[in-house]
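Read the structure below first, then the notes.
Just so you know, all these numbers are worked out from the coordinates, no wet-lab data involved. Remember, predicted model here, so these are calculated numbers, not experimental data. Cβ: placed from backbone, ideal geometry, glycine included. Neighbour counts: every protein chain shown.
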């Protein structure tokens, strides 16, 4: 165990002051942290995570990057009430599908996303290839509800991947195996055929994305794994319906067969990284929301994802977080040995709201001066506190 002498701690404080961190944030250094035992899975974390020297080599570029852009974009952007609008407002599919008639974004939008990500000092990007509503931003061979076969007539995933690579950024795709259009997701036992059709769509779309869009650096899964079926489980005990206890595993007859998907994915993309929201062993843990920043963990790679403004999907008029709050989120995450994935929700035109661009550019200017305290660093040996120096 390493003990940090007072003189060393003071030298570290002086170094951070020279970077402008202490004066800007008004924070001090807390107690020393040491090599940690892996923390328990965060909410929604389903699988184990690879650890050890080989796992560390696989994620080395990702850990060094420290900062990425998340992009939630789809037909829900037209409604402007967040990415869960269909479910939260119980919109029938026949009505919801009409939003695709109004979804005709600017094909140059992804170039703007990549340009802004570079200006913000981000090193990788993640786009929602398909969210829970089932609308795919690519020419899915398994699903006609997509951006190529509706009014947009655009393969937005391809535009995005080309733009990100052109800007020198790593390419990531978000993908949701679950699909609200299938009753088998909610009741896999009662509608097993529907659940199996949803699974087939998942397998086919993942194979298509992994084989048809060049090198992918990561897949950000959401909504997969048996424990999430029916939003954590609705079961019938013979007398009434009730929610399955959180600690009780799913025991029905349906399986996503995640190991098959991930095995094929790694064959097609040997260096790809995946998060912990399927039943297959992952490369990093996902913490969602600023309130789940959590503790120090230098054993399991992890990432905190937060929104820049409002919901994950577009909400007109949503105010971005303050510059100080963003710097605090970034530095507190990196000090705990994590990455920060900061989300934007472009308008249905495909453009990021101007006030959000301005805030990201402001953060990028700060990183131009202080990036040496962020990029390529590891967490510790001290955690920030709010005590002024």
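Rounded to two decimals, what is the ratio between the C-alpha radius of gyration of segment 111-166 and 2.2 N^0.38 Å?
Against the empirical 2.2 N^0.38 Å value, I get 1.23 for segment 111-166.
Going by alpha carbons, how many degrees (0 to 90, nearest 10) lie between the helix axis of 192-212 and the longest principal axis of the chain?
So the inclination is approximately 50 degrees.
Under a GNM of the chain (C-alpha, springs under 10 Å), which listed residue has the highest mean-square fluctuation: 231, 103, 67?
Looking only at 231, 103, 67, the largest GNM fluctuation is found for 231.
Could you give P(r) for segment 66-194, binned at 10 Å from zero, as whole percent values over all Cα-Cα pairs?
Histogramming segment 66-194 at 10 Å steps yields 13, 40, 32, 13, 2, 0 percent.
Against the longest alpha carbon principal axis of the chain, how many degrees, from 0 to 90 and to the nearest 10, is the axis of helix 354-370 turned?
Roughly 40 degrees, rounded to the nearest 10.
Looking at the chain, what % of its DSSP beta bridges pair antiparallel, to the nearest 5?
Just about 20 percent of them are antiparallel.
For residue 54 paired with residue 231, estimate the spin-label separation in nm (one decimal), with each label point 7 Å from Cα along the Cα-to-Cβ line.
4.1
By the gyration tensor of its Cα atoms, with a ≥ b ≥ c the square roots of the eigenvalues, what is the shape of segment 267-354: rounded for a/c under 1.5, prolate for a/b over b/c, or oblate?
In terms of gyration-tensor shape, oblate.
Can you tell which of 361, 267, 208 shows the greatest fluctuation in a Gaussian network model of the chain with Cα springs below 10 Å?
267
What residue among 195, 60, 311 shows peak mean-square fluctuation when the chain is described by a Gaussian network model with Cα springs under 10 Å?
Most flexible of the set in this elastic network: 60.
Taking every pair of alpha-carbon atoms in segment 43-385, give the share separated by more than 39 Å as a whole percent.
Numbers: 6157 of 58653 pairs.
Result: 10 percent of Cα pairs exceed 39 Å.
Would you mind computing, in nm to one decimal, how far apart the modelled labels at residue 108 and residue 39 are, each placed 7 Å from Cα along Cα→Cβ?
Going by the 7 Å Cα→Cβ label model, 4.2 nm.
Alpha carbons only, please: Rg and Dmax for segment 52-100, in angstrom.
Cα-based Rg and Dmax for segment 52-100 come out at 18.5, 51 Å.
Rg(Cα) of segment 119-203 divided by 2.2 N^0.38 Å?
This ratio for segment 119-203 stands at 1.28.
Between residue 165 and residue 257, with labels modelled 7 Å along Cα→Cβ, what's the label distance in nm to one decimal, could you check?
According to this spin-label approximation, the distance is 3.0 nm.
Specify the angular offset, from 0 to 90 degrees and rounded to the nearest 10, of the alpha carbon long axis of helix 258-268 from the longest principal axis of the alpha carbons in the chain.
70
Taking square-rooted eigenvalues a ≥ b ≥ c of the alpha carbon gyration tensor, is segment 220-297 rounded, prolate or oblate, where a/c under 1.5 means rounded and, failing that, a/b exceeding b/c means prolate?
It is oblate, given that a/c is not under 1.5 and a/b is not larger than b/c.
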